[in-house]
Amino acid sequence: MRSLQLTLFLSIMLCVGRAFACPSLIDPVAGASGVPVDTTISWEEVPGVTGYIISLGTTPGGGDIINQQPVGSETQFTPPLGLPEFTQVFVTITLFIINQPNIVCPSVSFTTENVTTLPECTTMLNPVNGETGVNIETNIAWAYAPRAIGYRISLGTTEGSGDIVDNIDVGNVLNFNPPMSLPSLTEIFVSIIPYNEIGGASECGLESFTTAELGDPPGCTSLIRPANGSINVPLDTTLEWIPVPGADGYIVSVGSSPYTNDVLDMAIFINPIINVINFEPNKSYFVVIIPFNQAGQAQGCIQESFSTILGCGPLIDPDTGKLVSFFPTITFPEEIGICEESLPTRIDAIDQADGYRWYRTPTNEPEFLISDRSFADLSEPGQYRFEAYNVLRQNGFELECPADKVFTAILSSKPQIETIFKEIDGDFFNISVIVSGIGNYEYSLNSMDAWQSSSNYDGLTEGDYTIYVRDEAGCGITEQTFRLAFPAPGFPAYFSPNGDGINDNWNYIPPKVDPLQLSTIYIYDRFGKVLASFSANGKGWDGIYDGTPMPLGGYWYVAEAADGQVYRGHFSLIR
């Protein structure tokens, strides 16, 4: 991709056959400068997209200003605290599509203005100005003030007194939790002064609200479902507790230990039931529920707990004391072969389990299910995922315990034996088998009991042999019988027609003792085709047939003598 320019990249990404184009910024446009710090960012609508997620940062892809904020189907976003002044801001839009991977678009940027004026005043949002009957535990919230980088707040029981909170700098936030309960039945005067590097906003007026009568805080409650101390609780359970008279709501904390609230952290609910939590198996959960009303929170509420179903493990068997697991054991290989000659190739699961799933996992595309049986028919090479699962039944609740293996399917084929190179080494022979085909092959000599990955055999004696070659993926076995015999005197075992003047031609070389009286010599390839014929008194064969140099490998000769005797043998062409 090209580096970032003044216009937004257009990136096309494929999702299950449909292309989604990343949107361009509408306001501010990419590369703009002097952008107001209170700007609203807008972009083009992308048809078919479920929603958008926006990140704002000071580096490409960064989220130090806004980190992955979902905005639904809206095509605009206003940063709640504005933007930092005189800063290059990078915008990253992520496209959210149901049941598909998110598409993260390339970042584009603009530069904000250099603020030279005071911020505007703000308005109290909670409680609103003039509101009565306000809870004495209320938080104070206000609207963003354009160009502000922070706020100072004062709270008092008389105008300008600050006798509750006096001109506290709360930083760049939009809410404040008073450090103590507010007095009941009292008008509270609020002063919120936005500020920036130039100074504080001027002539911002006071606002006020009146607190409610103190009354009595509610009492504590206890869990109904699941009851305190319950075990084997289903993972999709709801939390329900006894309603408390006089309670306006409940502050609920849930954690996986007595000291953390990693599931719910002081979440507020109006009704005494929660049905939106999915728990993990074989865990204990700790719950604190604090009812509250305008007078305050219930005091001294105890922590309760429950444990979910055991789940897949691993866990300790109380009878044996051993660690057990209900997940299947996966031994499926990381690579398999599929046969070119018989597509689709059926692949069977080799691991024991209650059920199976096979997925095709194309590169840069979502995976999809191709089989939910103990086998899958694969038609093309590539990456796949094999999943085996056991079904665990505990107290009427079913739970899948899955394990999986990502594997690669390699196209394979039955081997073809091209030639067998034979070399004389003293009183023995060494051979090398040359094969063609797609796949990984193994070799065995004279039987199919001792397979090896090497195609070489050394130290062989004269005799007849059969070489077997098989595809490791099971796509077939090829065999070929050959003979090892020392050549008759005068017939060279090899020649090398490479133009160096040494052994460039093959012919009979008469020995000094008992030379043969030969008339004609014929040269054959391994298919029995005549490549050349010549007189024993001529130059011999130069390794060329019909103007084309013949390949490396083994060739055969038939030499006819004047007395009618025929001599046959084998030699090699090397380079």
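Values as computed for the structure displayed
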quantity: For Ile242, distant residues with modelled amide H under 5 Å away; calculated: Ser222, Ile224
quantity: Mean separation of Cα contacts under 8 Å, 6 or more apart, over the residue count of region 335-412: relative contact order %; calculated: 36
quantity: Options Pro281, Met266, Asn228, ranked by Cα towards positive dipole end of region 223-307, top entry (Cβ charges); calculated: Asn228
quantity: Mean shadow area of region 330-378, taken as a quarter of the surface of its Cα convex hull (nm²); calculated: 4.0
quantity: Calculated from backbone phi, Karplus (6.51, -1.76, 1.60) coupling profile of region 108-118 in Hz, x at Gly/Pro; calculated: 10, 9, 9, 10, 7, 6, 8, 6, 10, 10, 5
quantity: Among Ile54, Leu484, Gly569 - extreme Cα towards positive end, dipole of the chain, charges at beta-carbon; calculated: Gly569
quantity: About the Cα centre, charge dipole magnitude for region 223-307 (Lys/Arg +1, Asp/Glu -1 at Cβ), debye; calculated: 120
quantity: Kirkwood-type radius of region 163-236, with distances r between different C-alpha atoms, in Å; calculated: 17.3
quantity: Reachable lysines from Lys529, criterion Cα separation under 26 angstrom, eight or more residues apart if same chain; calculated: Lys414, Lys422, Lys539
quantity: Under 5 Å, built H, 5+ apart or other chain: amide partners of Gly296; calculated: none
quantity: Dipole moment magnitude, nearest 20 debye, the chain about Cα centre, only Lys, Arg, Asp, Glu C-beta charged; calculated: 1420
quantity: Amide H contacts of His570 (H built 1.01 Å from N, under 5 Å, at least 5 apart or other chain); calculated: Tyr557
quantity: Restricting region 392-478 to GluC sites (Glu not before Pro) in coil, as DSSP defines it, with at most 12 other Cβ within 10 Å; calculated: Glu462
quantity: Rg ratio (alpha-carbon, reference 2.2 N^0.38 Å) - the chain; calculated: 1.71
quantity: Computed over region 124-210: relative contact order in percent, which uses C-alpha pairs under 8 Å that are six or more apart; calculated: 36
quantity: Restricting region 370-465 to chymotrypsin sites (Phe, Trp or Tyr not before Pro) in coil, as DSSP defines it, with at most 16 other Cβ within 10 Å; calculated: Trp451
quantity: Relative contact order (percent, whole number), region 223-307, Cα cutoff 8 Å, 6+ residue spacing; calculated: 36
quantity: Shape category assigned to region 460-572 from the gyration tensor of Cα positions, a/c cut at 1.5; calculated: prolate
quantity: Global geometry of region 223-307, whether rounded, prolate or oblate, following the gyration tensor of its Cα atoms and the 1.5 cut on a/c; calculated: prolate
quantity: Rounded, prolate or oblate (a/c below 1.5 giving rounded, otherwise prolate when a/b exceeds b/c) for region 335-412 by Cα gyration tensor; calculated: prolate
quantity: Only Lys, Arg (+1) and Asp, Glu (-1) charged, at Cβ; region 494-573 dipole about Cα centre in debye; calculated: 140
quantity: Inverse of mean 1/r across different Cα pairs in region 147-290, Kirkwood, Å; calculated: 18.8
quantity: Residues Ile274, Ile289 arranged by fewest to most Cβ contacts within 10 Å; calculated: Ile274, Ile289
quantity: Region 346-462: Rg to Rh, with Rh as the Kirkwood radius over Cα pairs; calculated: 1.23
quantity: Table column - 3J(HN,Hα) (Hz), region 217-228, Karplus curve with 6.51, -1.76, 1.60, x for Gly and Pro; calculated: x, x, x, 7, 10, 8, 5, 9, 9, x, 5, 3
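Read the figures in this text as sums done on the coordinates, not as results from a lab. Bear in mind that the values here come from a model prediction, so they are computed numbers and not experimental data. Note that we place each Cβ from the backbone using ideal geometry, even for glycine, and neighbour counts take in every protein chain shown.
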